[in-house]
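A short write-up of the structure that comes next.
Since every read-out is calculated from the coordinates, none of them should be taken as a lab result. The structure displayed is predicted, hence computed values, not measured ones. Quick reminder, even Gly has a Cβ in these numbers, built from the backbone with ideal geometry, and neighbours come from all protein chains shown.
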Amino acid sequence: MSLLQPSLVETDADLSELNTLRLPARARRLARPVTLDALEQVLAERDPAESLQVIGEGSNLVIHGDLPGLTLCPAMDGMALVKEDAEFVWVAAGAGVHWDDLVAWTVEQGWQGLENLSLIPGTAGAAPFQNIGAYGVELSQVLEQVTVMEVASGRVTHFAAEECEFAYRDSRFKSRDRGRYVITGIELRLNKLPACNVSYGPLKDHFAHLPVEDVLPAAVRERVIAVRQSKLPDPAVLANAGSFFKNPVVSVDKAGQLKKSFPGLVGYEQPEGIKLAAGWLIEQAGWKGRRLGPVGMHSEQALVLVNHGGGTSEDVLALASAVRRDVWERFGVSLEQEPILLP
Ligand SMILES: Cc1cc2nc3c(=O)[nH]c(=O)nc-3n(C[C@H](O)[C@H](O)[C@H](O)COP(=O)(O)OP(=O)(O)OC[C@H]3O[C@@H](n4cnc5c(N)ncnc54)[C@H](O)[C@@H]3O)c2cc1C
């Protein structure tokens, strides 16, 4: 007998509220398992030939047409203190936990580590997928392990942070193991004593006058939220999927040549080259605040593609392609899309 309520697998489900770009789409079958057992059962009952997508809150997606097969929206809940020692706490969260609820809870406890990642939309389960990052901090710096269920076998495995192959907006779950695992939970190691990273521009200016031990996670969170709210459109008000392109990394030579022609070029040194600010390139290519039909690049933050209402995935992809083309023609730099294209 099936342990699952049949109603837990919806058919022909509307996804327009499950993606922050508000693109119209439907899922042939949609399941939101709240436990590992429920997830195992959904996977066991699925025909292995049926296609499978995993989504969280849809804040980093371009859903291009209806999703065939099964769409899984892991909904494992709960945040807990796992263990602690004199210096650190280890906390666990289910994949379905809203990321910023986890940040808020840990910061309220006075634990340090997640404050720079405040207000990033999405779920805890999606966070390792692209190694979310903001204001000089990446998830990989605080992640202890990821719990996954293998789609083919239903087997539960843990990957230590070193095994996740984290890089800038990347991990094994996004690259070589794409589609192989469903992330069901994460465990983080956070500091009990404040050691906040306020090296990033807007935080540095704000906290420069304080010794590091006096910079509290709650104050950093408050500042990060204020900066984000002043710069980024709230998807609940203006549909968007955050940064639409990754910041491209070019060679030191290439950056040097560009700097001669474009003295205002914004770039940051990285071990692998110079990371250019994609928003600056887009703005210089004339796309800041410009619309193409119902979609456009945001007027305050050129890196964010917004849906003013009624836009489809075709509109989004046409705009992305026009922006990419113009940036290439002006700078000879290729932009890579950040949100995942489904199916
Ligand atoms: C306004 C705005 C600001 C943003 N700012 C930032 C930022 O500062 N830094 C940053 O890094 N990102 C940012 N993002 C992007 C986005 O918030 C993150 O990528 C987030 O982690 C996506 O979470 P989600 O639950 O919405 O995942 P979705 O968008 O639903 O999915 C994203 C990808 O993760 C996969 N995935 C999701 N859940 C799981 C799971 N449980 N197991 C396996 N795979 C899974 C999906 O298959 C998909 O490929 C922003 C987005 C918006 C809209």
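Against the criterion of being assigned to a helix (DSSP H, G or I) and farther than 30 Å from D315 by Cα, A226 qualifies.
Any residue that is within 20 Å of L341 (Cα to Cα), surrounded by 15 or more Cβ atoms within 10 Å (Cβ to Cβ) and either within 12 Å of the ligand (Cβ to nearest atom) or touching a residue at least 12 places away in the same chain (Cβ under 8 Å) (or both) - is there at least one of those in region 8-16? Yes; the residues of region 8-16 include at least one that is within 20 Å of L341 (Cα to Cα), surrounded by 15 or more Cβ atoms within 10 Å (Cβ to Cβ) and either within 12 Å of the ligand (Cβ to nearest atom) or touching a residue at least 12 places away in the same chain (Cβ under 8 Å) (or both). Among the strands (runs of 3 or more DSSP E) confined to region 251-343, the ones with at least 3 residues that are touching a strand residue (DSSP E or B) at 6+ places or on another chain (Cβ under 6 Å) and more than 26 Å from S230 (Cβ to Cβ) are located at 340-342.
Answer yes or no as to whether A93 is of a type in the set (A, V, I, L, M, F, W, C), under 30 Å from D214 (Cβ atoms) and in a strand (DSSP E or B). Against the criterion (of a type in the set (A, V, I, L, M, F, W, C), under 30 Å from D214 (Cβ atoms) and in a strand (DSSP E or B)), A93 qualifies.
Show the residue pairs that are 6+ apart or on different chains and have beta-carbon atoms under 7 Å apart, the first residue being within region 323-343 and within 14 Å of the ligand (Cβ to nearest atom), the second being of a type in the set (V, I, T). Here the result reads P339/V62; L341/V62; L342/I63, each pair linking region 323-343 to a residue that is of a type in the set (V, I, T).
Filter region 238-268 down to residues that are away from the ligand (no atom under 16 Å from the Cβ), small (G, A, S) and surrounded by 18 or more Cβ atoms within 10 Å (Cβ to Cβ) and give me whichever is nearest to the chain's Cα centre (by Cα). Result: G267. Only one of the listed residues (T157, T184, T147) is of a type outside the set (A, V, I, L, M), assigned to a strand (DSSP E or B) and touching a Pro at 6+ places or on another chain (Cβ under 8 Å). That residue is T184.
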